[in-house]
Amino acid sequence: MSGRSCIQNRKIRALTSDEISQVRAAEVFFRERRPKEKMPETVAWIFAPAHEAISALKVKCRNINLVRGHILRDVALRKSVYWSWSDEEWIETICKYSLDRKAGEPKKKWSARSALLAIAAYTSDFRSFEKLGRFNARFLAERLVGRKTIDACLQEVELRRRAAGFSAGAMETEVATALQVALLMSRAATCMDISYEILDRIRNGSARSWGRGAAHLIRLLFDAPAERAPTTERAKARPDGLAGVPRAWAIAVEDWAGNASGSAVTILNYRNSLLRTGRWLQATHPEAGNPADWSREVAMAARGMVRGLKYGDFVAKYTGSRELIGQPQPPERKRWQFSALRRFFADLEKAGIRIRFPYKDIFRLPRNIATGAKHSPRVIDEEIWTKLISAAMELAYEDLPKFTSSIAYYPIEMVRAAALVWLFAGLRRSELHRLPLDCIFNARDLFPGIEEDSPLLVVPEIGKSRRYLKMIFPDAVEAIEKWKEVRPPHPKIPDPYDGKMEDFLFVHRGKLLSKRYIGESLIPSLCRKAGIDPVDSRGPIVPHRARSTMASELRGAGLSLEEVAIWLGHTAGESALHYVQAVIGEEKELEYVETEWNRLLAMLLGDGSLEGLDGNATEIA
């Protein structure tokens, strides 16, 4: 249905002073009277197009006078009829109404926003829907585009999703809504009539979920077979900064970057690394621009490219020192490139894209790059570390922050156990607060070759790290047992990681120990007890630094890098370099000391799964 067809015979002109006075009087009338009050005849001519739009689109508005009042307010302000307004002027009017609604208007008046959108689209050919935030796109699209057109487009998109390997239901709602908004903006009759510019505007719009759906549609509609390839004009509409990158690769990278989880800085660095790979593809393997077309040969060539990377290679614009151009890049930069490729193809595989080569093996970090990279683990200074351990062992009730004037929130036994586990267990924050109630086992009961009593800690799974066992110092075990003796019985509560009902060690008043408690409360309490500042030579003392400190202590005691990595819960020995202090780089080799821990670690490494812990298999990550 044509947007301006209903008003093509009406004049677009400025209002006279008498008409403006009448509009202002009518606006007060509409905003103060009930919806069923009769409209003043002096302004009836202004609302003829609006009434025609509401009638033609079959919009039900229970408070039409509210719509009239908002329109008249801006008609008087702009001194022009509303069917001459631009998209920016309509956005201002609709957003003004939204602010009024949030300021306390009754909920039943919220239907007036749909009426405003319908009038804007019908009388002024409004198209900038991506700037309005969320609204009922299906409702408006059915009236402006047609239900049959929407259903046909949804069916075609679903067929393309299935052909691309996506399962039913994955992002279904987000894709459908983004498609309906795109149809509203383009008034297209088929999916292929939707331009790249429209989808890119939705992807960068104010509704984040619609942006994810639009990014998905860009991948589906613009990675089409040859007979339905995008037009030349549409192919030119690529985002800035992607020059020299194959279109299919650029779309895949932008789609991934818009939906990937992680910090903004990490995703941005990965994106830049992947775009560098795209420029290399354009220069050497243009036939492999689509990630799904990569073969083992292309992946091995990419591996060689990264290993031989130099300053100035495959960049859109070099901004560094001219003296460095042509020199080999340091291992730290190559590490980012390998990590970006591993993460990119892993996420594509999770999304249902078939990867035809072993990306985990090919893009594994080479040993010469891993050992050559500079690592600066933030180990806590030895003097401060010793004082923190003494403070944790002597921690008393009066040292805890008080929940009220005289009562601490957590029992002292629980806090002391959490403090010693944080210091001695080398756990991630998300692992510590989710420790199971029965988390301590004796290695002699699990391994026949162990003669001494060596306590083992069961670490819960989190992220890519599976459930595993690690050795723990007796001081922490003793504190855990004392807390379990006084711990009140608690019912099982849902695991925040997977939703399963579990018995947790650090639970109080029906809730898990807060993930922020270690950093925001426990560490300051220990520093006050020890009489030290919560800052050392390497910066603030944060929870994760205890993990680096323990890893360095174990390495200095004679454990190998592989054994330290097992204790940390990693699969590769070079990953321990992120945690172990620079003592590894000394000219003389550290003396390897055979201890009970070495023998136990070797058994844990050799036995990938252990049966008998609560009936579940405990896997060594």
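The values are calculated or read from the model by the stated rules, or taken from the named source; none is laboratory data. The structure presented is a predicted model; accordingly, all values stated were derived computationally and were not measured. Neighbour counts run over all protein chains shown; Cβ positions are idealised from the backbone, glycine included. These area figures cover heavy atoms from the full protein model, side chains too; ligands, DNA and RNA do not enter into them. Shrake-Rupley method; radii C 1.70, N 1.55, O 1.52, S 1.80 Å.
Only residues in region 133-153 that are under 12 Å from Arg187 (Cα atoms) count as the first member; pair them with residues that are open to solvent by 50 Å² or more (accessible area, probe 1.4 Å) and in a helix (DSSP H, G or I), Cβ under 8 angstrom, at least 6 apart or cross-chain, and list the lot.
Pairs that qualify, where the first residue is under 12 Å from Arg187 (Cα atoms) and the partner is open to solvent by 50 Å² or more (accessible area, probe 1.4 Å) and in a helix (DSSP H, G or I), are Ile150/Arg138.
Residue by residue, here is whether (1) over 21 Å from Leu268 (Cα atoms); (2) within 27 Å of the chain's Cα centre (by Cα); (3) open to solvent by less than 90 Å² (accessible area, probe 1.4 Å); (4) modelled with pLDDT of 90 or more holds:
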{"site": "Lys360", "(1), (2), (3), (4)": "yes, yes, no, no"}
{"site": "Ile369", "(1), (2), (3), (4)": "yes, no, yes, no"}
{"site": "Gly372", "(1), (2), (3), (4)": "yes, no, yes, no"}
{"site": "Pro377", "(1), (2), (3), (4)": "yes, yes, yes, no"}
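How many residues are modelled with pLDDT of 70 or more and over 25 Å from Ala141 (Cβ atoms) when one looks only at region 49-67?
Qualifying residue count, region 49-67: 0.
Just a yes or no: is a residue in region 70-81 crowded, with 19+ Cβ neighbours inside 10 Å, part of a loop (DSSP other than H, G, I, E, B) and at pLDDT 70 or above?
Yes - at least one qualifying residue is present in region 70-81.
Taking into account only those residues within region 171-195 that are within 28 Å of the chain's Cα centre (by Cα) and open to solvent by 10 Å² or more (accessible area, probe 1.4 Å), which is farthest from Lys350 (Cα to Cα)?
Ser195
With among the aliphatic types (A, V, I, L, M), modelled with pLDDT under 50 and open to solvent by less than 10 Å² (accessible area, probe 1.4 Å) as the only criterion, which of Leu604, Leu613, Leu522 stands out?
Leu613
Taking the criterion of being open to solvent by 80 Å² or more (accessible area, probe 1.4 Å), of a type outside the set (Ser, Thr, Tyr) and modelled with pLDDT of 90 or more, would at least one residue in region 482-495 satisfy it? Before the answer, list the steps.
Initial filter on region 482-495 (open to solvent by 80 Å² or more (accessible area, probe 1.4 Å)): 482, 485, 489, 491-492.
When the remaining residues are screened for being of a type outside the set (Ser, Thr, Tyr), the result is 482, 485, 489, 491-492.
Filter once more, so that each one left must be modelled with pLDDT of 90 or more: 482, 485.
Within region 482-495, one or more residues are open to solvent by 80 Å² or more (accessible area, probe 1.4 Å), of a type outside the set (Ser, Thr, Tyr) and modelled with pLDDT of 90 or more.
Can you run down the residue pairs with Cβ atoms below 8 Å, 6 or more apart or on separate chains, where the first is in region 340-357 and in contact (Cβ under 8 Å) with a residue 60 or more places away in the chain and under 16 Å from Asn290 (Cβ atoms) and the partner is aromatic (Phe, Trp, Tyr) and not in a helix (DSSP H, G or I)?
Leu341/Phe363; Ala351/Phe166; Gly352/Phe166; Ile355/Trp294; Arg356/Trp294; Phe357/Trp294
Exactly one condition in (1) touching a helix residue (DSSP H, G or I) at 6+ places or on another chain (Cβ under 9 Å); (2) modelled with pLDDT of 85 or more is false for Lys148; which is it?
(1)
Quick check: is even one residue across region 553-572 under 30 Å from Ile412 (Cα atoms), β-branched (Val, Ile, Thr), open to solvent by 10 Å² or more (accessible area, probe 1.4 Å) and not in a helix (DSSP H, G or I)?
no
List pairs: first residue in region 475-501 and among the hydroxyl-bearing types (Ser, Thr, Tyr), second residue open to solvent by less than 40 Å² (accessible area, probe 1.4 Å) and in a loop (DSSP other than H, G, I, E, B) anywhere in the structure, Cβ distance under 9 angstrom, at least six positions apart or on different chains.
From residues that are among the hydroxyl-bearing types (Ser, Thr, Tyr), the pairs are Tyr497/Arg434; Tyr497/Pro460.
Can we say Ile532 is in contact (Cβ under 8 Å) with a residue 40 or more places away in the chain and crowded, with 19+ Cβ neighbours inside 10 Å?
Judged against the criteria, Ile532 is not a match.
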